[in-house]
Amino acid sequence: MSKLEQYGHNFQVKVLSTLVKDREFLQQVADIISPEFFDNEANKWIISKTLEYFNEFRTTPTMEVFKVEVEKIRNEIQQVAVKEQLKETFRSTKSPDLDYIKQTFLDFCRNQTLKTALLSSVDLLEIGNYEDIRRLIDNALKAGTEKNIGHDYMDAIEERYKEEARNTIETPWKEINTLTNGGIGTGDLGLLVGNPGGGKSWALVALGGHAVKLGYTVLHYTLELSDMYVGQRYDAFFTEIPVSDIRLHKSTVKQTLEGLRGNLYIKQYPAGKANVNTILAHVDKCRGQGIEPDLIVLDYADLLYTKNAKEKRDKLDDIYTSLRGLATELKIPIWTASQVNRSGARSDIIEGDQIAESYSKIMITDIAISLSRKTEDKENGTGRFHIMKNRYGADGLTFNADMDTSIGKIVFNNRVSNEGNRNPDGAGFTGNERKNLQRAAENIFQF
């Protein structure tokens, strides 16, 4: 039997899912796959269009491409069948067993290719054409090997500008989304820096909670607070009932959670007992149970451990490098937080050189935002967010914000003008600091 019908309908649907969403896998099997492997006309149509699109544009077709092509089908019955099959195909793109599906399908295609080569060799054997036999068998054995040698700049133009090229998850703040071209993207590492007790953990809850509202699945790792208390903070965020009163409103919490589109899983690890591999193992465990995370929130990275360095600064560099690699490997964006040093805790605007222990944290991350909240800010429910680093747009901008840390509600209200605040000669003094130094010098000379 040379068709996939032996594996069943659902298997074929998942094969289609891998081919229309995974460009690297499609590239790997494009030269050994045939529409004839599939057992119905709708599947054959989808495979044919997928291969045509890939051969021309070197990337996978989007749902919008299929919509246009489906409208060209003249046979109404076939058009309906293809539409239904496409719905199934795109619904299955997050099935937990797709890695198994890909490997099984790849083996099937290789088997078919080798079988074809052997059958063709019979005729060549009769005429003694041994060189062509060798070439056929060699090519068949090489079929389906990994072909990804990197981003082909000249040919992969469509891939660069596909909507899915950088999938982003919005933050709760439109100003940040505008500056970052949509929020934090696939494989990005985002960093939130602030002083102790300044609201970093609440801001992480706001980032995770907003993603859940949008329909994403969030894994929240806590190394400082208990998982139950973090859960209560999310309850407060979703219901806008202060966390101190949330125990009195369980019925409201239940009703609110029923309306959420996404999912949230909170995992607690003791500080200094978990490392990046611990998180990777937990993500694998979640995927094995059909839970496919879209965003990781880690509170916070400095409390992970590593055995690869002796100095604390080197340890932190190793942790953040590994965390950035984890985001890339999993193709999942990660938000985490870190502390500022003593000078940063006293600043109205926290700059990159005021991050605790290691400036390399900023260099490694894709998006780094500081949150400054002095004593008067905590009393007044205010704060300042400063864009320290942004790979995808402008940085160096500061925004005032109103903050209610009883429910995690953070609202940006206006941008702070930084003109005159930075010294153009690079000495590192703000405008106010320079004025104070000038007054001090004048007093000395008057004396």
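The values are calculated or read from the model by the stated rules, or taken from the named source; none is laboratory data. Because the structure is a prediction, the values reported are computed rather than measured. Don't worry about glycine lacking a Cβ; one is built from the backbone with ideal geometry, like all the others, and counts go over all protein chains shown. When the accessible area is computed, the model is the full protein with side chains, heavy atoms only, and any ligands, DNA or RNA have been set aside. Shrake-Rupley method; radii C 1.70, N 1.55, O 1.52, S 1.80 Å.
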query = within 25 Å of Arg166 (Cβ to Cβ) and either outside any loop (DSSP other than H, G, I, E, B) or of a type outside the set (Gly, Ala, Ser) (or both), is that true of Val68?
reply = yes
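Starting from residues that are aliphatic (A, V, I, L, M) and touching a helix residue (DSSP H, G or I) at 6+ places or on another chain (Cβ under 8 Å), keep the ones in the stretch 275-293 and report whichever is most open to solvent (accessible area, probe 1.4 Å).
Pass one, the stretch 275-293, residues aliphatic (A, V, I, L, M): 276, 279-281, 283, 291.
Then keep just the ones that are touching a helix residue (DSSP H, G or I) at 6+ places or on another chain (Cβ under 8 Å); that gives 276, 279-280, 283.
Numbers: Val276: 21, Ile279: 2, Leu280: 37, Val283: 0 Å².
Once the filter is applied, the top-ranked residue is Leu280.
Counting only residues that are farther than 25 Å from Ile73 by Cα and either in a helix (DSSP H, G or I) or in contact (Cβ under 8 Å) with a residue 12 or more places away in the chain (or both), how many does the stretch 6-22 have? First the steps, then the outcome.
Taking the stretch 6-22 first, the residues farther than 25 Å from Ile73 by Cα are 6-8, 11, 22.
Checking which are either in a helix (DSSP H, G or I) or in contact (Cβ under 8 Å) with a residue 12 or more places away in the chain (or both) leaves us with 6-7, 11, 22.
Adding up the residues that qualify gives 4.
Only residues that are open to solvent by 30 Å² or more (accessible area, probe 1.4 Å) and of a type outside the set (A, V, I, L, M): list them for the stretch 295-313, please. Spell out how you get there, then give the answer.
Restricting attention to the stretch 295-313, the residues satisfying the condition of being open to solvent by 30 Å² or more (accessible area, probe 1.4 Å) are 302-303, 305, 307-308, 310-313.
Selection gives Asp302, Tyr305, Lys307, Asn308, Lys310, Glu311, Lys312, Arg313.
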key: Residues of the stretch 213-235 that turn out to be under 23 Å from Ile184 (Cβ atoms), hydrophobic (A, V, I, L, M, F, W, C) and either in a helix (DSSP H, G or I) or open to solvent by less than 20 Å² (accessible area, probe 1.4 Å) (or both), as a count   = 4
query = Out of Lys102, Lys83, which single residue is within 30 Å of Cys286 (Cβ to Cβ) and in a helix (DSSP H, G or I)?
reply = Lys102
query = Only one residue in Leu223, Leu204, Leu214, Leu192 is under 17 Å from the mean Cα position of the chain (by Cα), under 20 Å from Val283 (Cα atoms) and touching a residue at least 12 places away in the same chain (Cβ under 8 Å). Which one?
reply = Leu204
query = Restricting to the stretch 328-359, what's the tally of residues that are modelled with pLDDT under 75 and part of a helix (DSSP H, G or I)?
reply = 7
note = Matching residues in the stretch 209-258 (hydroxyl-bearing (Ser, Thr, Tyr), over 22 Å from Trp335 (Cα atoms) and touching a helix residue (DSSP H, G or I) at 6+ places or on another chain (Cβ under 7 Å)) number 3
query = What is the number of the single condition among (1) hydrophobic (A, V, I, L, M, F, W, C); (2) in a helix (DSSP H, G or I); (3) within 30 Å of Asn341 (Cβ to Cβ) that Ile296 does not meet?
reply = (2)
note = Every listed condition ((1) modelled with pLDDT of 85 or more; (2) under 31 Å from the mean Cα position of the chain (by Cα); (3) surrounded by fewer than 19 Cβ atoms within 10 Å (Cβ to Cβ)) holds for Tyr53 save (3)
remark   = Restricting the stretch 56-79 to residues that are under 21 Å from Phe38 (Cα atoms) and among the aliphatic types (A, V, I, L, M), the one farthest from the chain's Cα centre (by Cα) turns out to be Ile77
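Of a type outside the set (Phe, Trp, Tyr), free of Cβ contacts under 8 Å to residues at least 40 places away in the same chain and either open to solvent by 50 Å² or more (accessible area, probe 1.4 Å) or under 30 Å from Arg134 (Cβ atoms) (or both): which single residue out of Glu76, Glu69, Glu84 fits that description?
Working: Glu69 fails: either open to solvent by 50 Å² or more (accessible area, probe 1.4 Å) or under 30 Å from Arg134 (Cβ atoms) (or both); Glu84 fails: free of Cβ contacts under 8 Å to residues at least 40 places away in the same chain.
Matching residue, one of Glu76, Glu69, Glu84: Glu76.
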query = Are there any pairs with C-beta distances below 9 angstrom linking a residue in the stretch 30-43 that is free of Cβ contacts under 8 Å to residues at least 60 places away in the same chain and farther than 18 Å from Arg58 by Cα to a residue that is open to solvent by 20 Å² or more (accessible area, probe 1.4 Å) and aliphatic (A, V, I, L, M), with the two at least 6 apart or on different chains, and if so which?
reply = Pro35/Leu51; Asn40/Ala81; Glu41/Ala81; Ala42/Ala81
task = Of the numbered conditions (1) part of a loop (DSSP other than H, G, I, E, B); (2) surrounded by fewer than 19 Cβ atoms within 10 Å (Cβ to Cβ); (3) under 22 Å from the mean Cα position of the chain (by Cα), Pro270 fails exactly one; give the number of that condition.
result = (3)
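Could you go through the stretch 245-265 and let me know if any residue there is crowded, with 17+ Cβ neighbours inside 10 Å, part of a helix (DSSP H, G or I) and of a type outside the set (A, V, I, L, M, F, W, C).
The first filter runs over the stretch 245-265 and keeps only residues crowded, with 17+ Cβ neighbours inside 10 Å, leaving 246, 253, 262, 264.
With the extra rule that they be part of a helix (DSSP H, G or I), the set shrinks to 246, 253.
If we keep only those that are of a type outside the set (A, V, I, L, M, F, W, C) as well, we get none.
No, every residue in the stretch 245-265 fails to be crowded, with 17+ Cβ neighbours inside 10 Å, part of a helix (DSSP H, G or I) and of a type outside the set (A, V, I, L, M, F, W, C).
What are the residues in the stretch 176-209 that are among the β-branched types (Val, Ile, Thr) and not in a helix (DSSP H, G or I), if any? Outline the logic, then answer.
Pass one, the stretch 176-209, residues among the β-branched types (Val, Ile, Thr): 176, 178, 180, 184, 186, 193, 205.
Result: Thr180, Ile184, Thr186, Val193.
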Residue in the stretch 186-197 that is touching a Leu at 6+ places or on another chain (Cβ under 9 Å), within 18 Å of Gly231 (Cα to Cα) and surrounded by 21 or more Cβ atoms within 10 Å (Cβ to Cβ) present = no
ask   = In this structure, is Thr60 crowded, with 17+ Cβ neighbours inside 10 Å, part of a helix (DSSP H, G or I) and touching a Leu at 6+ places or on another chain (Cβ under 7 Å)?
value = no
